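Remarks on the structure that follows.
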Amino acid sequence: MRLRTLRSLPAALALAGAAALCPPAAAAQGGFGPLPPQNPATAANGTATMHGDSASSDTTPYAGPGSGAVHWSRTALASACPTVVIGTDRLPVTLCTTIFGQTPTVHLLDPATGADLASLALPKGSLFGGVYTYLDSADALVVVDGNDGLLRIGHHLVGGKWTLTVDQSTSLAGSIPSGDNIVGLSPGWDGRVWFATAGGVIGTADTTGGTVRTITTGEGVGNSISTVPGHTAVATDHALYLLTEGADGTPTIEWRAPYDRGPGRKPGQLSWGTGATPSFFGPGTGTEYVTITDNAAPHENLLIYRVADGPTPVCATPVLTQYPASGTEDAVIASGSSVFVTNTYGYPYPALPAGTPASVPGSASFDGGLSRVDLDADGAGCHLVWNSNVKSAALPRLSLADGKIYTLTVSGPTDSVGAQTFATYSYATVDPASGAQLSSSRIGLGLLYNPLQMTGTTAPDGTLYQGTETGVLRVTAG
């Protein structure tokens, strides 16, 4: 799924918060890890962004509810809630889009019960504009609203009642063409905020001085962007870009890697091109490689690039070949020398962005499935480790603490929007070593529980927060 945001704060504050929340790297299980470097502008890795961290690894340093009995509750918000982030105060913050009106709305949740403590509606943009967001190192949500305002939204306890307020606003409107909208956001290590628009503008914003610098690719962007020290990755609908910046903050292209975008948008995707946000990973620093999927037909390929040597991939291998066709709208899980790819081919989204082309073919059933691909020992190639038929309805998350993959699965008819009413959704754990499903606990039937291929976030106390089409699920160990 997808989302949008921006801002940064002093490094000392960020590192203090990270030290307070992050367990030691030695806690990693199963040979995965390390975590990417902690971004000084965000909350702690694992709970700072939709994909856990600014590198978009989709890993977490926290153990989840596990494979035994679980309890769950649902916070009804009449909204699809793709992102749940958690800061040093342990209060979950979620950015949702209302079902009626598609209004982006921020909610503050009670960590003990999941109850909605406060909410703040933002100016509306495009259907998926203003979705990607992150939590900064002072526990403020950074987001772009429908007026291209880069906002820092804080939560404050006033007179015994929680409130959400816009604590800082920086206009980006003068740097974005009329009719365009910001899609992806991620903070750099120098205090500037990187962004990309649906129309292919890539820029940086200095929120202290208001300076914005941009370049234009002329290619569409449909997913978020990722940052590690010295590098930013943006995937357009034609190519993967690795960028750095000039002394004045102007984005500079280090290399461009075109990929096979296929004959058209596949069913189960929201745009024509890669459905994956770029993910940085590696067995040494967690930043040696960057990866996306292409949109080749009938099977997509996993593409892995060495950051220092692009744009020729060190690995290009078809994935999810246990089915007649495959494709994805999810970022991958990337950790150590392993990458996990989720199949969303045929997944029935209830709404598509304006102007989305018809899919090729026009429809397909949803099979689900996962693939794991590992880098070769010399780092110069890769190989398939396993294919799994686990029917994941969410973007999975790998816990480096307990060595499990967490997701929600679906059973029953899922080949049309109407059929989702009769689909059953379950909390599930998966073994990353084999792809086998370790456990399954039924959550519920129908649209109330549909996770829409959105990813869950594990809190430091082990609670899993999973956004759905109508609110947020809260899952705890039984």
**OP:** With respect to S224, determine if the residue is closer than 30 Å to A118 by Cβ, assigned to a loop (DSSP other than H, G, I, E, B) and within 21 Å of the chain's Cα centre (by Cα).
**Re:** yes
Original post:
Taking region 39-77, which residues are part of a strand (DSSP E or B) and farther than 21 Å from S335 by Cα?
Top reply: V70, H71, W72, S73, R74, T75, A76
Original post:
Since R261 meets every condition but one in (1) modelled with pLDDT of 95 or more; (2) open to solvent by less than 40 Å² (accessible area, probe 1.4 Å), which condition does it not meet?
Top reply: (2)
Subject >> Top-ranked residue in region 123-142 [being at pLDDT 95 or above and of a type outside the set (G, A, S); ranked as farthest from G87 (Cα to Cα)] >> reply: V142
**OP:** Keeping to region 323-361, report how many residues are within 14 Å of S57 (Cβ to Cβ) and open to solvent by 20 Å² or more (accessible area, probe 1.4 Å).
**Re:** 1
**OP:** Name the residue, out of S434, S439, S411, that is over 24 Å from A351 (Cβ atoms) and open to solvent by 40 Å² or more (accessible area, probe 1.4 Å).
**Re:** S434
Original post:
Given T88, T94, which one is β-branched (V, I, T), modelled with pLDDT of 95 or more and open to solvent by 50 Å² or more (accessible area, probe 1.4 Å)?
Top reply: T88
Original post:
Can you name the strands (runs of 3 or more DSSP E) wholly within region 132-213 that have at least 2 residues being open to solvent by 40 Å² or more (accessible area, probe 1.4 Å) and over 23 Å from G273 (Cβ atoms)?
Top reply: 149-158, 161-171
Original post:
For I253, are the conditions met, namely being modelled with pLDDT of 95 or more, aliphatic (A, V, I, L, M) and over 21 Å from G327 (Cα atoms)?
Top reply: yes
Subject >> Residues of region 264-311 satisfying the condition of being closer than 11 Å to V332 by Cβ and polar (S, T, N, Q) >> reply: T274, T277, S279, T291, T293
**OP:** Name the one entry in G355, G369, G336 that is more than 21 Å from D53 (Cα to Cα) and touching a residue at least 12 places away in the same chain (Cβ under 8 Å).
**Re:** G369
Original post:
Out of region 67-84, which residues are open to solvent by less than 10 Å² (accessible area, probe 1.4 Å) and under 19 Å from T407 (Cβ atoms)?
Top reply: C81, P82, T83, V84
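T317: within 30 Å of G230 (Cβ to Cβ) and among the polar types (S, T, N, Q), yes or no?
For T317, the condition - within 30 Å of G230 (Cβ to Cβ) and among the polar types (S, T, N, Q) - is met.
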Original post:
Taking region 78-110, which residues are in a strand (DSSP E or B) and not aliphatic (A, V, I, L, M)?
Top reply: S79, C81, P82, T83, P92, T94, C96, T97, T98, P104, T105, H107
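The values are calculated or read from the model by the stated rules, or taken from the named source; none is laboratory data. Because the structure is a prediction, the values reported are computed rather than measured. Cβ: placed from backbone, ideal geometry, glycine included. Neighbour counts: every protein chain shown. Just the protein is used for accessible areas: all its heavy atoms, side chains included, with ligands, DNA and RNA removed. Shrake-Rupley method; radii C 1.70, N 1.55, O 1.52, S 1.80 Å.
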